[in-house]
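The values are calculated or read from the model by the stated rules, or taken from the named source; none is laboratory data. Since this is a predicted model, take the numbers as computed values, not measurements. Please note that ligands, DNA and RNA were not included when accessible areas were found on the heavy atoms of the full protein model with its side chains. Shrake-Rupley method; radii C 1.70, N 1.55, O 1.52, S 1.80 Å.
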Amino acid sequence: MSETATMSNAEHARYRVTGMDCPSCAAKIEKAVRSAGVEDVKVSTATQIMTVHVSDLSLQLPEVERAVSGIGYRLDRLGGPEADHEGDIDDLPKDLSHITPAYRRALWIVIVLNVGYGLIEMVGGFISGSQALKADALDFLGDGLITFLGVLAIGWSLVWRARSALIQGLFLGALGLGVLANTAYRVLVQQQPEAELMGLFAVIALVVNVVAVLPLLPHRAGDANVRAVWLFSRNDAIGNAAVVVAAGLVAWTNTAWPDLVVAAVIAGLFLQSSWSIIRDARADLRVAT
């Protein structure tokens with residue numbers, strides 16, 4: 001009985017999260033909020049919005065904000081303390097001073113590099129016959145499109161953020177399924193990729209990851225998004241290194257199996273992220289409507 005009364009008396013607060021670009025970021029933020037003593041928390045990867053239900057706003061929200069800020073993310077409160085009804089979901093903070101013109105330009109450079117090289121690497125994957133290169137290219141495209149959505153969606157309402165994310169998630173999921181299907185076909189029809197060309201594109205991908213971070217370095221003290229880009233670049237570098245190792249193993253073993261295994265792993269991880277975006281977008285659309 002007391003638990004039911006506590007649930008009915010709970011108040012909710014919503015925040016726009018800056019610096020969150022993947023499901024692992026969302027999980028990390030939820031873990032930090034729970035460590036601050038708040039169990040009822042939902043972080044949407046699709047719309048970059050966090051919702052918490054607490055019994056005392058004035059007492060618990062400062063703890064939540066400190067916990068999330070402590071792991072490198074920025075929170076902007078949506079609506080006021082009395083925001084109780086669903087209509088307030090569409091209220092977005094008007095103070096966007098931390099998104100400066102210079103920082104916005106830096107983000108556009110990151111978008112162009114990721115999407116541009118993703119397309120180039122995809123072509124390289126077809127030329128060399130490497131499934132791992134195609135999967136890595138998909139990862140580049142996904143990062144670029146997620147950042148692109150983040151730049152466009154500044155100031156958008158929840159419902160439009162969710163719709164955009166849903167379309168993006170479906171598109172990226174279709175690409176991921178295409179890579180997996182083609183990889184499965186290559187398992188049946190073995191075709192050894194050109195190891196030298198495969199390794200060359202993977203090494204260039206490592207360089208592009210580093211170059212993509214450089215424009216953001218002057219802004220690293222002003223926005224938590226830089227931290228997210230660093231994390232993405234680190235993860236991408238691991239994927240690029242895996243492709244380089246796979247290229248070496250292809251040359252050493254004279255088989256296509258190392259390439260196919262790496263492709264399946266990268267595409268599988270990418271599809272997991274795509275599904276998380278779709279799931280969160282659908283949940284946010286249900287709430288908004």
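The table that follows gives values for the structure above.
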quantity	calculated
Portion, in percent, of the accessible area of the range 101-288 that falls on carbon or sulfur, probe 1.4 Å	73 percent
Heavy-atom surface of the range 11-78, accessible at 1.4 Å and reported per residue (Å²)	38 Å²
J(HN,Hα) series, the range 112-128, from Karplus relation 6.51 cos²θ - 1.76 cosθ + 1.60, nearest Hz, glycine and proline x	4, 5, 5, 5, x, 6, x, 5, 5, 5, 4, 4, x, x, 5, 5, 7
Global form of the range 101-288, assessed from the alpha-carbon gyration tensor, a/c cut-off 1.5	oblate
Extension reserve of the residue 112-residue 152 stretch, reckoned as 0.36 nm per residue once the Cα distance is removed	13.0 nm
